[in-house]
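Working notes for the structure below.
All of the numbers you see were taken from the coordinates with simple rules; none came from a lab. Being a predicted model, the structure only gives us computed values, none of them experimental. We place every Cβ from the backbone using ideal geometry, glycine too, and count neighbours over all the protein chains shown.
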Amino acid sequence: MPTEPETAYPRFKSTVTDRELREVYTPTPDECDLARQNTTGGVAQVAFLILLKTFQRLGYAVSLTAVPVRVVDHIANQIGLTVTTADLLGYDAYGTRRRHLRVIRTHLGIGAYGPDAQAAMEQAMAEAALGKDDLTDLINIALEEMVRLHWELPAFSAFSRAATKVRSRVNNGLHAHIGVSLTDEHLCQIDQLFTTDPQTHESPWNRLREDPGKPNLKHLKELLDHITWLSSLQIATQALTMIPDVKIKRFAAEAQTLDAARMQDMRGKCPTK
């Protein structure tokens, strides 16, 4: 499961530079006017601007006590005021913050996260999941689409859960596509891979999963023999023609971890002749 630092999910940097303070967190005259028009008192005015500038930077609202101290102090200094940690805790706890958020979203032209935004996020992931498999890729693509559509970003956990769910749904759909492409004869041929020889106690599936070995002359001959044997199985590989390579590699990696007994538990039953 990817973590926030492994994705493009916006978050505060560990160190805030002077340049970033100037270019990212300095309120404009219009923003200061907006704060004065929608607040009463110095604490609320500073808190409004902190909420505005951090929302503008991250794409979502954070608890003001989570904002780097340098950012808080810089914004407060820009309008000649100060706030304490207790002031910020109080602001986070009261309904004024929710009212201010509505004003800020309208000012920034950002829609509040809800069912429509979630649907847009999952749609972007579903389209990406047809050609990509890494959860980090799905999250980053959905992030880009959410920003493009001017939606407020949910918590990172929402992206993580959605990516896992959508990838599973897309992969299950591809499994179903492969399944309906197989005839009863194909299914029987595949079932035979998991039949264990009573004398050797080995199955064709074990042989299928063997590592090709080092690229020397001895192993090259073994590899050629292995390829010839694979061709003789006449497995319905045409069922995979519409499946992206990245998905085939993922499914193969999953299958590589399963022995014949576990594959038997999942296989379709061979039709009665």
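At the listed q of 0.14 Å⁻¹, the Debye profile of region 115-179, built from one uniform point per Cα, gives log10 I(q)/I(0) equal to -0.36. Principal-axis analysis of the Cα atoms of the chain puts helix 42-58 at an angle of about 30° to the longest axis.
State the three equivalent ellipsoid semi-axes of the chain, derived from the C-alpha gyration tensor as the square roots of 5 times its eigenvalues, in descending order and whole Å.
59, 20, 15
Spatially, region 37-61 and region 123-149 are offset by 30 Å when compared through their Cα centroids.
Exposed loop sites here mean chymotrypsin sites (Phe, Trp or Tyr not before Pro) with a DSSP loop assignment and at most 16 other beta-carbon atoms within 10 Å; the chain contains its longest site-free run at 95-273. Ordering HIS175, ASN140, MET125 by Cα displacement along the dipole of region 115-179 toward the positive end leaves HIS175 in first place; charges were set at the Cβ atoms of Lys, Arg (+1) and Asp, Glu (-1). What's the magnitude of the charge dipole for the chain around its Cα centre, counting Lys and Arg as +1 and Asp and Glu as -1 at the beta-carbon? Answer in Debye, nearest 20. Dipole size: approximately 440 debye. Against the main long axis of the alpha-carbon atoms of the chain, helix 156-181 sits at an angle near 30°. Look at MET242, MET121, MET263, MET146 and count the other Cβ atoms within 10 Å of each Cβ; fewest to most, that gives MET242, MET263, MET146, MET121. Name the longest site-free stretch of the chain, where the excluded sites are GluC sites (Glu not before Pro) in a DSSP loop with no more than 15 other beta-carbon atoms within 10 Å. Longest site-free region, per DSSP loop and neighbour criteria: 1-201.
As a footprinting exposure proxy, order VAL72, VAL16 by other Cβ within 10 Å, with the fewest listed first.
VAL16, VAL72
Relative to the longest principal axis of the Cα atoms of the chain, helix 115-129 runs at roughly 40 degrees.
Per residue, the chain reaches -19000 deg cm²/dmol at 222 nm when only DSSP H runs of four or more residues are counted, each adding -39500 (n - 2.57).
Here the relative contact order of the chain, from alpha carbon pairs under 8 Å that lie six or more residues apart, stands at 17 percent. Using only the alpha-carbon atoms of region 108-229 as identical scatterers, what base-10 log of I(q)/I(0) does the Debye formula give at q = 0.15 Å⁻¹? So the normalised log intensities work out to -0.81. Legend: calculated FRET efficiency, ASP211 to LEU58, from the Cβ-Cβ distance at R0 = 41 Å, rounded to 0.05, equals 0.30. Note on ARG57, ARG148: ascending count of other Cβ atoms within 10 Å places them as ARG148, ARG57, the fewest first. Computed over all pairs of different Cα atoms, the Kirkwood value for the hydrodynamic radius of region 10-150 is 16.4 Å. When the chain is treated as a GNM with alpha-carbon contacts under 10 Å, the residue of ARG167, ARG97, ARG19 showing the greatest mean-square fluctuation is ARG19.
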